[in-house]
Amino acid sequence: MPSRAVVRRKSESGALEQQDFALAETDIWQVSERLGEPDWLRHKRLDAWQVCLSTPLPTTAEEPWRRTDLRALSPGQVVPAPAAEIDVPAVLLQPLVSDQHGALLIVRPGLPVARSGGEGTDSQGVVFVDWATAVREHADLLHKNLGKTVQEGEGKFSALAGALAADGVFLYVPAGVHASAPLHSILWAPGSRRLFTSRLLIVLEDGASATFVHESACPTDRGGSSIHAGIVEISVGAGANLKFVELQNWGTHMWNFTHERARVRRDGNLEWIFGAVGSHLTKNFSDLDLQERGAQGRMSGFYFADGGQHLDHDTQQNHLAEHTTSDLLYKGALLGKSRSVWQGMIYVAPGAQKTDGYQANRNLVLSPGARADSIPGLEILADDVRCTHGATVGQLEDEPLFYLKSRGIPRHEAERLVVDGFFDPIMQRIPFEGVRERFKQMIIDKMG
């Protein structure tokens, strides 16, 4: 087994630069051996580790990171460690898309996984398991699908997750199977000065359908910063239908980095709902690849930042075939000295005629010290398409506030009502009452 060698970097002048992660190849071997991985999976980890080792931390000189500065990040002060043994709050355990779960997985890095329900989905041949079980019992499916949507080497943090992740969820729905009840997983990672890594792999074969809710969360810990690096891979087969709700509710000590991509094949459909209210800093790459004729995807994003939070969402809608449709709407509000960044791109490949692409980002700045950057983009290489985009950044208007106060409503309540109205278009796009109620409660909590 290779000897341990901590990663350090120096500039050409010899001066010590920002410290890198205090990791070594022995850490990757230990993860692989603990899971009992086959050789091919161990080699994937080691390849990802080499990429992580050779890739410096991103800087603002790189276009995707130009508005997100990581100089305050201290990767050398975090270590891979089990999550703190803190109970999951009851509110996170409640079903969000129906009266009950089809199955519930609670993943706590380094600790035993809890599962409840799922007997009905198991009888349908649906695989809904934690990562260790996936490696142990479904290595053939992992071999077929892992790393096909998100390459571990796409960036520093995807390589880190590809090298170290031992926690996560694997969902597989066989061809023609309609998962009978919603599936729900929680990545619960409390604790300070910890490095958490995770993988989420979702595969729907042709003609399948499923509804899946995944939440990443932890309470704020004043003992020091933690880091999460994650990969989310989604494959929607021909004629398949996936409703995926993804919630980010990290404590404000967490630095969160994720690379996410969904690929949709012929006549497949993806409803992707994203909500983010937590973390100290988030950098999230979310790509939608419409690979074959008739593929459709709708992305609905909700975010609310306060204090000194920094939320950076980088979205890409890639129309790679003719007669494909995408529809993106992200709406966010900001309080305190928080900052949001949204960078969006619609790409239409040569020959992808009859494309219909839409993207919009709307921001409501509620405090003088808050800031929102919104950068939409189009790259169109076909001539028979309909693509539109828009972005706005605004403040609370005096007229509706005056109207509400003139009817005896206190200013704070009037502001909350106006914010509710601002987010209403996003709420109308969400087909699940439980998710809408969670988002509304998040608004109340932020404004409280």
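Place a point 7 Å from Cα of K148 in the direction of its Cβ. Which residues in the stretch 178-212 have their backbone N less than 17 Å from it?
200-209
Under the rule a/c < 1.5 gives rounded, and otherwise a/b versus b/c splits prolate from oblate, where does the stretch 386-448 land using the Cα gyration tensor? Can you show the working numbers first?
On the way: a/c = 2.44, a/b = 1.31, b/c = 1.87.
Oblate, since a/c reaches 1.5 and b/c is not below a/b.
Along the charge dipole of the stretch 298-448, Cβ charges K/R +1 and D/E -1, which of L334, T388, F402 sits furthest on the positive end?
F402
Of I86, G76, S32, which is farthest towards the positive pole of the stretch 13-90's charge dipole, taken about the Cα centre with +1 and -1 on the beta-carbons of Lys, Arg and Asp, Glu respectively?
The listed residue farthest towards the positive side: G76.
In nm, to one decimal, how far is the K337 label point from the H178 one, both placed 7 Å along Cα→Cβ?
5.4
Kindly identify the stretch 132-181 as rounded, prolate or oblate by the Cα gyration tensor criterion: order the square roots of the eigenvalues as a ≥ b ≥ c, call it rounded if a/c is under 1.5, otherwise compare a/b with b/c, prolate if a/b is larger, else oblate. It would help to have the intermediate numbers written out before the result.
Details: a/c = 2.25, a/b = 1.85, b/c = 1.22.
Taking the square roots of the gyration eigenvalues as a ≥ b ≥ c, the stretch 132-181 is prolate.
In a solvent-free Debye calculation with one equal scatterer on each Cα, what is log10 I(q)/I(0) for the stretch 205-291 at q = 0.12, 0.24 Å⁻¹, listed in the order of the q values?
Each listed q corresponds, in turn, to -0.42, -1.10.
Specify whether the C-alpha gyration tensor of the stretch 133-221 places it in the rounded, prolate or oblate class, a ≥ b ≥ c being the square roots of the eigenvalues: rounded for a/c under 1.5, otherwise prolate if a/b is larger than b/c and oblate if not. Write down the numbers at each step before the final one.
Numbers: a/c = 2.33, a/b = 1.41, b/c = 1.66.
Oblate.
About its Cα centre, how strong a charge dipole does the chain have in debye, to the nearest 20, once Lys and Arg get +1 and Asp and Glu get -1 at the Cβ?
Details: 45 positive and 55 negative charges, 180 e Å.
With Lys and Arg at +1 and Asp and Glu at -1, about 860 debye.
Roughly how many percent of the accessible protein surface of the stretch 337-448 is carbon and sulfur, given a 1.4 Å probe and a whole-percent answer?
Working: 2920 of 5760 Å².
Carbon and sulfur: 51 percent of the exposed surface of the stretch 337-448.
Out of [x] 54; [y] 57; [z] 65, which label holds the value of percent of Cα pairs over 27 Å apart that was computed here?
The value computed from this structure is option [x].
Based on the Cα gyration tensor of the stretch 34-139, what are the three equivalent ellipsoid semi-axes, each the root of five times an eigenvalue, rounded to whole Å and given largest first?
Working: eigenvalues 222, 97, 48 Å².
Calculated on Cα positions only, the semi-axes equal 33, 22, 15 Å.
Can you give the net charge of the other residues whose Cβ lies under 9 Å from the Cβ of D356, counting K and R as +1 and D and E as -1?
Working: positive: K354, R386; negative: D327.
Combined, the nearby Lys, Arg, Asp and Glu give +1.
Taking the full set of protein chains and a 1.4 angstrom probe, give the accessible area of S367 in square angstrom, rounded to the nearest 10.
Taking all protein chains as shown, S367 has close to 20 Å².
Count charges around G176 for me, please; just the other residues with Cβ under 12 Å from its Cβ, Lys/Arg as +1, Asp/Glu as -1.
On the way: positive: none; negative: E205, D206.
Overall, the nearby charge balance is -2.
Under 10 Å from the Cβ of L334, count the other residues' Cβ atoms, weight Lys and Arg +1, Asp and Glu -1, and hand me the total.
Combined, the nearby Lys, Arg, Asp and Glu give +3.
How big is the antiparallel share of DSSP beta bridges in the chain, given as a percent to the nearest 5? List each step's numbers first, then the result.
Details: 9 of 145 bridges.
About 5 percent, rounded to the nearest 5.
Hey, how much of the P(r) for the stretch 278-433 falls beyond 23 Å, as a percent of Cα pairs? Could you put the intermediate results ahead of the total?
Working: 5445 of 12090 pairs.
Here the long-distance tail beyond 23 Å is 45 percent of all Cα pairs in the stretch 278-433.
Pick out, from H319, L142, G224, the residue whose Cα sits farthest towards the positive end of the charge dipole of the chain, with +1 on the Cβ of Lys and Arg and -1 on the Cβ of Asp and Glu.
It is G224.
Which trypsin sites (Lys or Arg not before Pro) in the stretch 394-448 pass both tests, a DSSP loop state and at most 15 other beta-carbon atoms within 10 Å?
Working: sites: K405, R407, R411, R416, R429, R436, R438, K440, K446; in loops: R407.
Filter output for the stretch 394-448: R407.
Based only on the alpha carbon positions, what is the Kirkwood hydrodynamic radius of the stretch 278-335, in angstrom?
Numbers: mean 1/r = 0.0776 Å⁻¹.
Hydrodynamic radius (Kirkwood, Cα pairs) of the stretch 278-335 is 12.9 Å.
Ignoring ligands, DNA and RNA, what percent of the accessible area of the stretch 126-268 is carbon or sulfur (1.4 Å)?
Working: 1600 of 3680 Å².
Here carbon and sulfur together make up 43 percent of the probe-accessible area.
Tell me the mean residue ellipticity at 222 nm calculated for the chain from its helices only (DSSP H runs of n ≥ 4, each -39500 (n - 2.57), averaged over every residue, nearest 500). Write out the running numbers ahead of the final one.
Numbers: 10 runs with 102 residues, N = 448.
Mean residue ellipticity at 222 nm (helix-derived): -6500 deg cm²/dmol.
Taking only Cα atoms and a 10 Å spring cutoff, compute GNM fluctuations for the chain and point out the largest among G408, G223, G176.
G408
Just to confirm my numbers, what's the Cα centroid distance between the stretch 194-263 and the stretch 62-103 in Å?
Distance between centres, Cα-based: 9 Å.
By per-residue mean of other Cβ atoms within 10 Å, what is the highest-first order of 94-107, 248-261? Don't skip to the answer; put the middle values down first.
Details: 94-107: 18.6, 248-261: 23.1.
Output ranking for 94-107, 248-261: 248-261, 94-107.
Could you state the accessible area per residue of the chain in Å², with a 1.4 Å probe and every protein chain left in place? All intermediate terms of the calculation are to be shown ahead of the outcome.
Values: 17900 Å² over 448 residues.
Averaged over the residues of the chain, the accessible area is 40 Å².
When the chain is modelled as a GNM with alpha-carbon springs shorter than 10 Å, which of E322, E246, E397 fluctuates the most?
Residue with maximal mean-square fluctuation among E322, E246, E397: E397.
The values are calculated or read from the model by the stated rules, or taken from the named source; none is laboratory data. None of the values given here were measured: they were computed from a predicted structure. Cβ: placed from backbone, ideal geometry, glycine included. Neighbour counts: every protein chain shown. To get the accessible areas, we keep the full protein, side chains included, count just its heavy atoms, and leave off ligands, DNA and RNA. Shrake-Rupley method; radii C 1.70, N 1.55, O 1.52, S 1.80 Å.
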